[in-house]
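Please read the structure below before turning to the comments.
All of the numbers you see were taken from the coordinates with simple rules; none came from a lab. On a predicted model such as this, the values are computed, not experimentally measured, just so you know. Cβ placement follows ideal geometry from the backbone for every residue including glycine, while neighbour counts extend to all protein chains displayed.
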Amino acid sequence: TARHEVGGNVAAAWALLRDEAAGCARCPLHKPATQTVFGEGPVDAALMFVGEQPGDQEDLAGRPFVGPAGQMFDRALAAAGIDRAGVYLTNAVKHFKFEQRGPRRIHAKPGVGEIDACRWWVEQERLLVRPKVTVALGATAARSLLGRTVTIGKERGRALPLSDGSEAWITVHPSYLLRIEDKGTVAEAFEHFVADLRAANQRIA
Ligand code: URA
């Protein structure tokens with residue numbers, strides 16, 4: 001692994017991996033996207049979050065979770081008592097997939113082929129960071145992490161063992177909270193999401 005090559009210097013191995021990912025052409029999504037949006041955070045984080053893919057703002061900024069879904073995620077992290085600076089944040093797919101409609105770039109859901117092509121990067125990130133707990137935000141992240149299709153409602157909010165001895169936790173994607181139409185249920189859905197984050201964070205304590 002990259003960890004081995006640089007004699008245990010995880011930070012240097014991570015920087016090499018990030019630089020390599022900047023030129024990734026494993027799937028066609030790199031062509032229309034602005035740039036690869038790699039993960040960020042301490043390389044010794046005990047808690048890792050995996051999102052779906054960068055959105056419009058992340059694609060432009062080159063950082064994960066800085067747009068509307070990121071702001072919702074920040075609110076939930078704060079409510080769960082989790083310091084964003086202490087966790088590692090990444091995405092299952094590292095290029096923004098979109099449809100151009102006039103001046104607007106509309107989010108398009110990554111397909112299984114794209115998730116599986118990008119999975120190698122998430123695996124390398126996990127090999128370097130070795131989180132105790134990895135939280136998958138939504139179905140795309142869960143597919144990447146577990147290698148199978150997951151029903152979020154059935155599997156959220158409990159520890160799922162991974163082959164490396166660490167744990168996966170599945171929860172909803174923060175953009176789900178932004179899309180709820182029945183506004184009367186948003187507060188409850190937000191609290192459920194926060195409860196999942198809090199429970200996952202308790203496992204690293
Ligand atoms: N949604 C994601 O899943 N990841 C991001 O980085 C931004 C929005």
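Find out how many positive minus negative residues lie around Gly147, taking Lys and Arg as positive, Asp and Glu as negative, among other residues whose Cβ is under 9 Å from that of Gly147.
Overall, the nearby charge balance is +2.
Given the DSSP H assignment, sum -39500 (n - 2.57) over each helix run of at least 4 residues in the chain and divide by its residue total; what's the result at 222 nm in deg cm²/dmol, nearest 500? Kindly include the intermediate steps, with their values, before the conclusion.
Details: 9 runs with 87 residues, N = 205.
My calculation for the chain gives -12500 deg cm²/dmol from helical runs alone.
Averaging the inverse of every distinct alpha carbon separation and then flipping it gives the Kirkwood radius. What is it for the stretch 22-106, in angstrom units? Each step should come with its number before you reach the end.
Values: mean 1/r = 0.0738 Å⁻¹.
The answer is 13.6 Å.
Work out the count of Lys pairs in the chain where the Cα-Cα distance is under 17 Å, with the pair 8 or more places apart or on different chains. Working shown, then result.
Numbers: Lys31/Lys94; Lys31/Lys97; Lys31/Lys109; Lys94/Lys109; Lys97/Lys109.
Total qualifying Lys-Lys pairs in the chain comes to 5.
Mind jotting down the distance between the C-alpha centroids of the stretch 162-205 and the stretch 21-40, whole Å?
With the stretch 21-40 and the stretch 162-205 each reduced to a Cα centre, they are spaced 27 Å.
Which whole-number percent is the relative contact order of the chain (Cα, under 8 Å, 6+ apart)? Spell out each step's value before the answer.
Values: 363 pairs, mean separation 47.1, N = 205.
Result for the chain is 23 percent.
Give me His192, His173 ranked fewest to most by other Cβ atoms within 10 Å of their Cβ, as a rough exposure proxy. Please list the in-between numbers first.
Values: His192 15, His173 22.
By the 10 Å Cβ count, ascending: His192, His173.
Among the trypsin sites (Lys or Arg not before Pro) within the stretch 148-182, which fall in a DSSP loop and have no more than 15 other Cβ atoms within 10 Å of their own Cβ?
Values: sites: Arg148, Lys154, Arg156, Arg158, Arg179; in loops: Arg148, Arg158.
Filter output for the stretch 148-182: Arg148, Arg158.
For Ser163, Ser175, Ser144, what's the fewest-to-most ordering of other Cβ within 10 Å of each Cβ? All intermediate terms of the calculation are to be shown ahead of the outcome.
On the way: Ser163 6, Ser175 19, Ser144 25.
Ranked by crowding around the Cβ, least crowded first: Ser163, Ser175, Ser144.
Quick one: net charge of Arg63's neighbours, Cβ under 14 Å, K/R +1, D/E -1? Don't jump to the answer; show the numbers that get you there.
Details: positive: Arg18, Arg84, Lys94; negative: Glu40, Asp56, Glu58, Asp59, Asp74.
Local net charge: -2.
Sorting Phe193, Phe98 on the 10 Å Cβ count, fewest up front, what's the list?
Values: Phe193 25, Phe98 19.
Ranking Phe193, Phe98 by Cβ neighbours within 10 Å, fewest first, gives Phe98, Phe193.
Taking just the alpha carbons, could you work out the radius of gyration and Dmax for the chain, both in angstroms?
Both quantities, over Cα of the chain: 16.2, 54 Å.
Label the stretch 88-170 by shape, choosing from rounded, prolate and oblate, from the square roots a ≥ b ≥ c of the eigenvalues of the Cα gyration tensor; if a/c is under 1.5 it is rounded, and otherwise prolate applies when a/b is larger than b/c, oblate when it is not.
Numbers: a/c = 2.39, a/b = 1.70, b/c = 1.41.
Since a/c reaches 1.5 and a/b is larger than b/c, the shape of the stretch 88-170 is classed as prolate.
Calculate the dipole size of the chain relative to its Cα centre from +1 charges on Lys and Arg beta carbons and -1 charges on Asp and Glu beta carbons; express the result in debye to the nearest 20. If you can, show how the numbers build up before the last one.
Details: 26 positive and 24 negative charges, 58 e Å.
Around 280 debye, computed over the chain.
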